[in-house]
Amino acid sequence: MRNLNEHTITDAVIARLVDTPDPRTRYIMTSLVRHLHAFAREVRLTEAEWLRGIQFLTATGQKCDDTRQEFILLSDTLGLSMLTVAMNNDKPPGCTEPTVFGPFHVEGAPHYAHGDDVANGAKGEPCLVRCTVKGLGGAPVAGASVEVWQADAEGHYDVQLPGLKEAQGRGVLQTDAQGRFHFKTVVAQAYPIPSDGPVGEMLRATGRHPWRPAHLHFMITAPGYEPLITHVFRKGDKYLDSDAVFGVRESLVGDWRPQPDGSHSLDFAFVLNPLA
């Protein structure tokens, strides 16, 4: 096929995809080509802008390593992560809402018993977290695996701290027979997402801030129930309505209550959706 121009090239590219063996792959790639070409036409993309875009994506990949996923940050800050979560997690009323996974989950977090200090030396004011996990019908979910992770008082996850030899602010617990678990940690604080890379450059270029409201991450799995990946956000945080990654849901806002000894406590109830 020769002598293609701006009006005919899209159909030519799509025609090359008709023999894609997997129907879903063919559908996705066809739609991707159609929308990319439409975008380029709509903005009248220049060659210099196209090259700058390639450089931006290249730099995004180069910023990724074992402890940082810049492409997840990019997806998060463009709202794509939360859109995907929303489209794929239409749960019945009463279930705990999911939100974004984030770029700082780490496999192999240490296991803790109830009441242990998950902070493990992380900086911050002490806090006691008490939670329950139940099914949609109200029955306690015993033996659920609960993975929690958070940043310290300075806005850093343990994987961002050079030279740190052990996990801090992350761990795995199991619910008891009544679906309960509790642990010690530090008070969640608002923090900026990493802005020293291409995503930070994009935020500055578009006049956006990089801040996330204070939160704890939770990932809860149990036989017979859909997995839940969510946050609990701190009530009163000034970034609740401008989260850099669009992850806040009103139902996920919890109250960190001050205690007489200067610590805080958080109580929260999770409700899982049974598998069909």
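The values are calculated or read from the model by the stated rules, or taken from the named source; none is laboratory data. Here the structure is a predicted model, which means the values were calculated and not measured. No Cβ is skipped: glycine too gets one built from the backbone with ideal geometry, and neighbour counts run over all protein chains shown. Areas reflect the complete protein model, heavy atoms only, side chains present, ligands, DNA and RNA absent. Shrake-Rupley method; radii C 1.70, N 1.55, O 1.52, S 1.80 Å.
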Counting only DSSP beta bridges with both partners in the chain, the antiparallel fraction in percent, to the nearest 5, comes to 70 percent
Placing one equal point scatterer on each C-alpha of the range 79-179 and summing with Debye, one gets log10 I(q)/I(0) at q = 0.18, 0.20 Å⁻¹ equal to -1.05, -1.16
Nearest 10, in degrees from 0 to 90: the angle of helix 23-43 to the longest Cα principal axis of the chain is 70 degrees
Expressed as a whole-number percentage, the relative contact order of the chain with C-alpha contacts under 8 angstrom and at least six residues apart is 21 percent
Per-residue accessible area, 1.4 Å probe, largest first, puts E49, E97, E147 in the order E49, E97, E147
Quick calc, the range 161-253, dipole around Cα centre from Cβ unit charges on Lys, Arg (+) and Asp, Glu (-), nearest 20 debye, gives 220 debye
Carbon and sulfur atoms account, in whole percent of the 1.4 Å probe accessible area of the range 122-276, for 54 percent
Ordering C127, C64 by the accessible surface of their heavy atoms, 1.4 Å probe, largest first, yields C64, C127
For the pair D66 and L83, the simple spin-label estimate (label points 7 Å beyond Cα toward Cβ) gives in nm 3.4 nm
In the range 12-72 the accessible area split gives carbon plus sulfur, as whole percent at 1.4 Å, a share of 61 percent
Here the net charge surrounding V118, from other residues whose Cβ is less than 9 Å away from its Cβ (Lys, Arg +1; Asp, Glu -1), is 0
Accessible-area order for E201, E107, largest to smallest, probe 1.4 angstrom, reads E107, E201
Among [x] 70, 49, 36; [y] 55, 50, 32; [z] 76, 43, 34, the entry matching Cα extents along the principal axes in Å as calculated here is [z]
If each part is reduced to its alpha-carbon centroid, the range 219-276 and the range 43-65 end up apart, in Å, by 36 Å
Probe 1.4 Å, heavy atoms of protein chains only: per residue, the accessible area of the range 1-107 in Å² is 71 Å²
As straight-line cross-link partners of K91, the qualifying aspartates and glutamates (C-alpha separation under 12 Å, not fewer than 8 residues apart within one chain) are E226
Residue by residue through the range 88-104, the couplings from Karplus 6.51 cos²θ - 1.76 cosθ + 1.60 with θ = phi - 60°, in Hz, x for Gly and Pro, are 9, 9, 7, 9, x, x, x, 6, 5, 6, x, 8, 5, 6, x, x, 10
From the cross-link list K123/K235; K134/K235; K123/K184, the entries with a Cα-Cα span beyond 18 Å are K123/K235; K134/K235
Simple SL model, points at 7 angstrom along Cα→Cβ for R24 and E6; separation in nm is 3.7 nm
Computed over the range 166-276, protein heavy atoms only, probe 1.4 angstrom, the accessible area per residue in square angstrom equals 44 Å²
With only helices counted (DSSP H, runs n ≥ 4, each -39500 (n - 2.57)), the per-residue ellipticity at 222 nm for the chain, to the nearest 500, works out to -7500 deg cm²/dmol
Within the range 23-67, DSSP-loop trypsin sites (Lys or Arg not before Pro) with at most 15 other C-beta atoms within 10 Å are R44
Checking the range 218-254 for trypsin sites (Lys or Arg not before Pro) in a loop per DSSP with at most 14 other beta-carbon atoms within 10 Å yields K235, K238
With all protein chains in place and a 1.4 Å probe, D255 shows an accessible area in Å² (nearest 10) of 70 Å²
